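The values are calculated or read from the model by the stated rules, or taken from the named source; none is laboratory data. Every value quoted in this text rests on a predicted model; they were computed, and no experiment measured them. Using ideal geometry, Cβ is built from the backbone for each residue, glycine included, and neighbour counts are taken over all protein chains shown.
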C-alpha cells in the first residue's frame, strides 16, 4: 500500500501544479500600456457586460482555482526576500513576459516543481533496489533540479530575446537614420520603423513611441527602453541619443554615425562567429566522422592482418 500511496500523493501534487499554472495564466491582467487603458476608458454604445457573464466567460480552471492560486501566491510573496523577487522581475522584463507572469508565480512554480521532483525521486527509491547513497543523492539532487528549471527557463528566454534584439539592431537603426535624413522627425521615424519591422526590438520601439505620445519626455522613454532590454549596444545607442538631445546636436548625424558603427560591429560579430566555427566543428568530426572513416579504411586491412597472425 505504501507505493500506491506515494503514487497518489505524487499525482495530486502534479495535478495541483498544473492547475495552479493554469489559474495563474487565467488571471486577469492590467492593460499593457497606457494607450490600451485610454482606449478602454473611451465610452461605447454597447451596455457593459454583467459580472456573472464575465465569470461564466472565464475558463473553468480559472474560476475554480483562482482563489487557491491567489492564496498561495500571497503566502509565497510574503516569505520571499525582496531582492530575489526583484531579480526574477528583471529577468521577466528582459524576456518580454512581465505582463504575463509575476515573480511570485515563477517562485511558486519553483517550489511546486521541487516538491514534485522530490516525490518522483521518492517513488524511484521505493520501486528500485539501489544503494542508500544513490537514493540519498537522488532525494537531494532531484528537488534542486526541479527548483532550478523555471528560473533557467526564464533566463534562457531573456537571453534569446536579447540576442534577437542585438541581431535586428543594425537594420533598425539604418531605417531610422534614413527616415530622419529624409526629413521626418524622430517620433515619425520610430513610427516608420514600427510599421516595417515585426520583431522584439520593433515592439520595444513601439512602446517607447507610445510613452512619448502620451507625454513622457524623450529621455525618460529612452531610459525605459534601455532598462527593459539590457542590451549593451542598444544601451550605447540610447546614451548617444540622450547626449545629443541634451547638447542640441542634430539627431540625423548621430543616427548616421550609430548606423555605421552598428554595421561595423555586425561584420566583426560575423567574423568572430566564422573564426569559432573550426573549433566547434572539431568535436563532431572526432566523435562522429573519423571513427566511421577509420572503420571503412582500416577494416579490410585489420581483417588481412588478423589472418596473417
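Among the residues making up segment 278-309, those that are closer than 30 Å to residue 168 by Cα and either surrounded by fewer than 10 Cβ atoms within 10 Å (Cβ to Cβ) or touching a strand residue (DSSP E or B) at 6+ places or on another chain (Cβ under 7 Å) (or both) are 278, 279, 280.
Per-residue answers, yes or no, for (1) touching a strand residue (DSSP E or B) at 6+ places or on another chain (Cβ under 7 Å); (2) over 30 Å from residue 199 (Cα atoms); (3) in a helix (DSSP H, G or I); (4) modelled with pLDDT of 85 or more:
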position: 66; (1), (2), (3), (4): no, yes, yes, no
position: 74; (1), (2), (3), (4): no, yes, yes, no
position: 89; (1), (2), (3), (4): no, no, yes, yes
position: 101; (1), (2), (3), (4): no, no, no, no
position: 118; (1), (2), (3), (4): no, yes, yes, yes
position: 123; (1), (2), (3), (4): no, yes, yes, yes
position: 130; (1), (2), (3), (4): no, yes, no, no
position: 149; (1), (2), (3), (4): no, no, yes, yes
position: 154; (1), (2), (3), (4): no, no, yes, yes
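As for segment 158-171, it holds no residue that is farther than 28 Å from residue 266 by Cβ and within 24 Å of the chain's Cα centre (by Cα). When we screen 209, 214 for residues that are surrounded by 16 or more Cβ atoms within 10 Å (Cβ to Cβ), outside the structural domain of residue 84 (by TED's automatic domain parsing) and touching a helix residue (DSSP H, G or I) at 6+ places or on another chain (Cβ under 8 Å), the only hit is 209.
Given the structure, is residue 233 in the same structural domain as residue 180 (by TED's automatic domain parsing) and at pLDDT below 90? Judged against the criteria, residue 233 is not a match.
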